[in-house]
Amino acid sequence: MREKKRTILVVDDTETNIDILLNLLGDDYDVTVALSGENALEIADTESLDLILLDIMMPKMDGYEVCKILKANEKTKDIPVIFITAKTDEDSIERAYEVGGIDYVTKPFKPRELTARVKTQLNLKFLIEHLEFIASYDEMTGIYNRRKFFELAEKRFEFNADDLYVAMIDIDKFKLINDMYGHPTGDAVIRKVTQTISEHLESELIFGRLGGEEFAIVCNSQSLDEITKKLELIRVAVSSFELRSDNNESIKCTISAGYAKAKSETKNLDALLKEADVALYEAKGSGRNRVIFRS
């Protein structure tokens with residue numbers, strides 16, 4: 001499968017300069033063009049960009065102002081900006097870095113130097129994105145890891161504790177699956193359970209793997225019945241799927257879940273998680289493959 005081209009926004013009010021950059025970069029990248037600073041901000045706010053090549057001297061809004069606005073916007077602050085300009089004095093170069101530029105190329109630029117700088121910044125951006133991903137997401141399942149889950153859940157509890165629910169979910173008798181079929185098959189079961197749970201969750205819910213075969217969900221809801229139905233649907237969906245072992249044996253599994261709602265006296269997220277964990281152990285102790293609410 002061919003890798004998706006990286007998208008570069010070229011911002012310049014001179015069409016000749018744009019044509020040169022299109023010819024230079026168009027074969028390797030998806031190049032978008034803006035003829036003004038205002039137009040550049042509109043594009044950056046609505047499209048997914050990997051890099052911006054930004055002229056400094058433009059009418060109405062110069063490149064410095066454009067870059068300052070980009071860096072002040074949560075949505076666009078991480079897009080790297082390379083200034084391309086005829087200005088060569090030290091004050092102009094210093095200001096370009098002060099407003100958030102990551103590199104500076106003077107006109108007339110050398111084509112091979114410019115393409116090398118573009119490639120370097122795109123590779124650096126990819127590396128940063130990858131490091132951010134592995135710092136926040138579980139490598140096996142692709143959902144939030146323990147650290148990121150608690151970071152987001154703590155914020156949700158702090159700023160939106162009204163009607164807040166926490167559910168703890170555990171794969172029943174998972175050690176037996178590992179012992180009987182091996183860890184690669186156990187990993188496949190974890191991935192399938194994760195996929196099944198994810199299919200029943202809206203994007204605003206916080207879903208993470210806390211470790212091993214244990215998961216947690218944090219969400220807000222005005223209806224206890226709605227949360228109960230959702231967890232029951234997940235439980236039934238997990239119990240309904242089937243995997244095959246390396247020896248083509250049928251593997252089925254179930255989950256147990258416990259959940260609790262934040263109350264006025266709930267002091268912190270840990271206390272709420274403990275309530276849900278008590279409900280989870282009650283579910284496992286009373287026969288597994290069930291959902292129990294801790295009232």
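No lab work stands behind these numbers, since they all come straight from the coordinates. Because the structure is predicted, anything quoted here is derived from the model rather than measured. Counting neighbours? That spans all protein chains shown, and the Cβs are built from the backbone with ideal geometry, glycine included.
Descriptive notes on the structure:
- Global size of region 7-135: 13.8, 43 Å for Rg and Dmax (C-alpha atoms, Rg to one decimal, Dmax whole).
- Given LYS173/LYS284; LYS77/LYS110; LYS5/LYS125; LYS4/LYS110; LYS148/LYS252; LYS173/LYS274, the pairs whose alpha carbons are separated by over 19 Å: LYS77/LYS110; LYS4/LYS110; LYS148/LYS252; LYS173/LYS274
- The Cα-based radius of gyration and maximum Cα-Cα distance (Dmax) for the chain are 25.9, 76 Å.
- With all pairs of different C-alpha atoms in the average, the Kirkwood value for the hydrodynamic radius of region 146-294 is 15.7 Å.
- Computed E for ASP30/ALA237 - FRET, C-beta separation, R0 35 angstrom, nearest 0.05: 0.35
- Span-like helix criteria (full DSSP H runs; alpha carbon extent of at least 30 Å along the helix axis; mean Kyte-Doolittle hydropathy of at least -1.0) are satisfied in the chain by 111-136.
- Residues of region 41-69 falling in the label zone of ILE128, defined by backbone nitrogen less than 19 Å from a point 7 Å along Cα to beta-carbon, are 41, 44-55, 64-69.
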